[in-house]
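The next block holds one structure in the form of structure tokens; read it before the comments.
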Protein chains: 2
Amino acid sequence: MVERKNPSWKKYVRQVTPYTPGEQSDDADIIKLNTNENPYPPCKGVRDALKDFDYESLRKYPDPAIRELRAEIANYHNVGMENVFVGVGSDDVIAMCYMTFFNSAKAILFPDITYSFYDVWAEEFGVPYEKQPLTDDFRIVESDYYEENGGIIIPNPNAPTGIAEGKDFFRKIVAHNTDSIVIVDEAYVDFGAESVDSLIHSCDNLIVVRTLSKSRSLAGSRIGYALADEELIKAMHDVKYSFNSYTIDRITMKLGVEAIKDEAYFRENVEKIICTKNWTYNKLKDLGFEVFESSSNFLFAKPKGISAADLYKELKARKILVRFFDKPRINEYLRITIGTDDEMAKFIDVVSDILSK
Amino acid sequence: MVERKNPSWKKYVRQVTPYTPGEQSDDADIIKLNTNENPYPPCKGVRDALKDFDYESLRKYPDPAIRELRAEIANYHNVGMENVFVGVGSDDVIAMCYMTFFNSAKAILFPDITYSFYDVWAEEFGVPYEKQPLTDDFRIVESDYYEENGGIIIPNPNAPTGIAEGKDFFRKIVAHNTDSIVIVDEAYVDFGAESVDSLIHSCDNLIVVRTLSKSRSLAGSRIGYALADEELIKAMHDVKYSFNSYTIDRITMKLGVEAIKDEAYFRENVEKIICTKNWTYNKLKDLGFEVFESSSNFLFAKPKGISAADLYKELKARKILVRFFDKPRINEYLRITIGTDDEMAKFIDVVSDILSK
């Protein structure tokens, strides 16, 4: 093709800073502690639903209203189906929140150290934003969210620190912002934090976002959801139906229903991960790491005697992936996802070995 | 909850005209000829991939770059993987095109009678648009797309008419618009029209959009894709990765690969539908209907001796769903999806019966 210098469509291409997703690998040799996946498989109901699925039904569109799954989620949280919005992972849900609610000229607020997608969405949708600095010990300051704003988004527990705040903390932020939409992103809440889901009954400006990717072991299926007052959910559905009517496919909906249903397996799975997390926490402390108390399925830790960047590289060379963020304030830390007991024992052995060299 | 009159977040909710998706029903009694689904199941490879799928792998994220499926699609179209973008149905793909490329102040152009989502997206994203009227016999006028514009989107064959234009028609429109992005939406192209996919090698401003929902019988799985010059695909990926990195789940990717691979089944399936379409076309003509020559898997037809609205209602009362659009210029027509031979024979019988009353 003849190379054309400057066709004018190039001027109108949306300018974004491309987001590079974390390293993905299905290599069985690798211990993958870098993307906060669950080390255990989904529940047996997921296996059976897959086995029993009638492939012939795939010729037909799925239910655009995703009713069966929304009803199951509503039942689990003791809310109505009209309080539930389901999307293709919580990223899709939060992107829809930005599009639906963050349209004022005022800046939205979120912590300076947090999920790295919040500013990516703001840039993508042209939403002004301000980052509120965490304290030196990486805590969110409640009163930073009392100033005028165009919306608020805070994860609880926060990422990549794993530090959680209590229900009262969020109750106060929501009460101080009755003219804004406040999103609490509870991606990791099941691993030890307190959910604010029950507050949606009394707060018409609160959106609680969840995912089945972590505590329900379904990262490979792409399901996230929002809980909120009926009016907010309706506004999100209007925007979603104007974007893509059919998002959750027939198989995914069935698997999601099963994953929510099996509460016993879910609780057992979460408990195992919390135990392994506590064991790992103590081992890292023994090795001289500075480690934060984590309410999530990962630990945020500063190694002793080696830089985080170097330890990341040494681990990678030994086929263990952890997450290193080359960003101000956190480039001395590693985020370590909690794997199985065996994986974490191996991880601690390898770290000890690297440190002893 | 105390009803609050006017919290100011309400002012900043994105205003959209909610799109209402077509009627969906899994009721086996109903003959469903209203959403252009394929009456035949997906290929056996889809069944087997589902049966063999390792449910334990669902705990891990899918490949954000969707490489296995993009490689299979690239192979089918004789292009490179860098020329392929995959989304959650073609609606997701086109929404990403709008976000990526339709950002100028100039109006984008599309036909006045066409896929009803084009203006919905324009409204959602605040893109100015102009509808170019079809001729009285529902043909697209090439020269209507030579005026200055911010982008062009045309389906081929057009919906809901089913009328196709040839490759030269689009070659000329693309050549006249080297400063705009031109999207040709080929959702129904496999049922009798000529694809412009090979033009992407020579036209750096052309995007060809496809779906696996119709000719590949995978409406229930949500897979669409775009073919274009590498630079356009890269720009779309940048926007997509800033919106939602992981869209196509692990199972869907495998099923998509199988559906593309089985070309023999695909061709046989399409041929059957074309035969049934021709039979139905003749029967409707015999009943006095005005019917357009269709290159798609549906017929657009004007009944004789009864209004389209009334025939729609009478059919629905007899458990046959077809599509009626209560819109100017087309409210005297019905869009009838081609089902199996048995379904269409039943449909013709019922129509004859209604007309004879």
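The values are calculated or read from the model by the stated rules, or taken from the named source; none is laboratory data. Everything numeric here is computed off the predicted structure, so don't read it as measured data. Quick reminder, even Gly has a Cβ in these numbers, built from the backbone with ideal geometry, and neighbours come from all protein chains shown.
Set side by side, the residues A:E56, A:E68 differ, and just one is in contact with a Pro (Cβ under 7 Å, 6 or more places away or on another chain), of a type in the set (D, E, K, R) and farther than 24 Å from A:S296 by Cβ, which is A:E56. Based on what the data block shows, is B:S307 among the hydroxyl-bearing types (S, T, Y), surrounded by fewer than 16 Cβ atoms within 10 Å (Cβ to Cβ) and not assigned by TED's automatic domain parsing to the domain that holds B:S90? Taking the combined requirement at face value, the residue satisfies it. Pairing residues of the range B:292-317 that are part of a loop (DSSP other than H, G, I, E, B) with residues that are among the acidic types (D, E), at Cβ distances under 8 Å and at least 6 apart in sequence or on separate chains, gives B:K304/B:E290; B:I306/B:E314; B:S307/B:E332. The number of residues in the range B:168-205 being surrounded by 22 or more Cβ atoms within 10 Å (Cβ to Cβ), part of a loop (DSSP other than H, G, I, E, B) and either acidic (D, E) or not assigned by TED's automatic domain parsing to the domain that holds B:Y98 (or both) comes to 1. B:E124 - would you say it is in a loop (DSSP other than H, G, I, E, B), crowded, with 19+ Cβ neighbours inside 10 Å and of a type in the set (D, E, K, R)? For B:E124, the condition - in a loop (DSSP other than H, G, I, E, B), crowded, with 19+ Cβ neighbours inside 10 Å and of a type in the set (D, E, K, R) - is not met.
Starting from residues that are part of a loop (DSSP other than H, G, I, E, B) and touching a Gly at 6+ places or on another chain (Cβ under 9 Å), keep the ones in the range B:233-255 and report whichever is farthest from the other protein chains (Cβ to nearest Cβ). The qualifying residue farthest from the other protein chains (Cβ to nearest Cβ) is B:I248.
Evaluating A:D92 against the criteria (1) part of a helix (DSSP H, G or I); (2) under 23 Å from B:D249 (Cα atoms); (3) more than 9 Å from chain B (Cβ to nearest Cβ) leaves one unmet condition, (3). Please tell me if A:V84 is within 9 Å of chain B (Cβ to nearest Cβ) and either surrounded by 19 or more Cβ atoms within 10 Å (Cβ to Cβ) or not aromatic (F, W, Y) (or both). Taking the combined requirement at face value, the residue does not satisfy it. Of all residues in the range B:328-341, those satisfying the criterion of being farther than 14 Å from B:L33 by Cα and either free of Cβ contacts under 8 Å to residues at least 60 places away in the same chain or under 18 Å from the mean Cα position of the chain (by Cα) (or both) are B:P328, B:N331, B:E332. Only one residue in B:D168, B:D119, B:D112, B:D136 is among the acidic types (D, E) and within 14 Å of chain A (Cβ to nearest Cβ), so which one is that? Just a single option satisfies the conditions, and that option is B:D119. Of all the numbered requirements in (1) under 19 Å from the mean Cα position of the chain (by Cα); (2) farther than 23 Å from B:G224 by Cβ, B:D179 misses one, and that requirement is (1). Listed by first and then second residue, the pairs linking a residue in the range A:103-125 that is closer than 21 Å to A:N36 by Cα to a residue that is acidic (D, E) and assigned to a strand (DSSP E or B), with Cβ atoms under 9 Å apart and 6 or more places separating them unless they lie on different chains, are A:T114/A:D185; A:Y115/A:D185; A:Y118/A:D185.
When A:Y55 is tested against the conditions (1) over 23 Å from B:Y98 (Cβ atoms); (2) facing another protein chain (nearest Cβ under 7 Å); (3) in contact (Cβ under 8 Å) with a residue 40 or more places away in the chain; (4) among the aromatic types (F, W, Y), the lone failure is (3). Within the range B:256-265, identify whether any single residue is part of a loop (DSSP other than H, G, I, E, B) and either over 30 Å from B:D168 (Cβ atoms) or not assigned by TED's automatic domain parsing to the domain that holds B:M96 (or both), and answer yes or no. For the range B:256-265, residues part of a loop (DSSP other than H, G, I, E, B) and either over 30 Å from B:D168 (Cβ atoms) or not assigned by TED's automatic domain parsing to the domain that holds B:M96 (or both): present.
Of all the numbered requirements in (1) surrounded by fewer than 17 Cβ atoms within 10 Å (Cβ to Cβ); (2) in contact with a strand residue (DSSP E or B) (Cβ under 9 Å, 6 or more places away or on another chain), A:M253 misses one, and that requirement is (1). It is to be established whether one or more residues within the range A:13-26 are at pLDDT 90 or above and surrounded by 15 or more Cβ atoms within 10 Å (Cβ to Cβ). Yes, that holds for at least one residue.
Results for (1) closer than 28 Å to A:F102 by Cα; (2) within 11 Å of another protein chain (Cβ to nearest Cβ), shown as yes or no for each residue.
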residue: A:D190; (1), (2): yes, no
residue: A:V209; (1), (2): yes, no
residue: A:Y225; (1), (2): yes, no
residue: A:E231; (1), (2): yes, yes
residue: A:D262; (1), (2): no, no
residue: A:E268; (1), (2): no, no
residue: A:W279; (1), (2): no, no
residue: A:K285; (1), (2): no, no
residue: A:S294; (1), (2): no, no
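Is it fair to say A:L50 is more than 23 Å from B:D238 (Cβ to Cβ), in a helix (DSSP H, G or I) and facing chain B (nearest Cβ under 7 Å)? Considered against the rule, which asks whether it is more than 23 Å from B:D238 (Cβ to Cβ), in a helix (DSSP H, G or I) and facing chain B (nearest Cβ under 7 Å), A:L50 comes out as yes. Just one of the listed residues (A:N149, A:N158) is touching a strand residue (DSSP E or B) at 6+ places or on another chain (Cβ under 8 Å), of a type outside the set (D, E, K, R), within 14 Å of another protein chain (Cβ to nearest Cβ) and within 15 Å of A:P111 (Cα to Cα), and it is A:N149.
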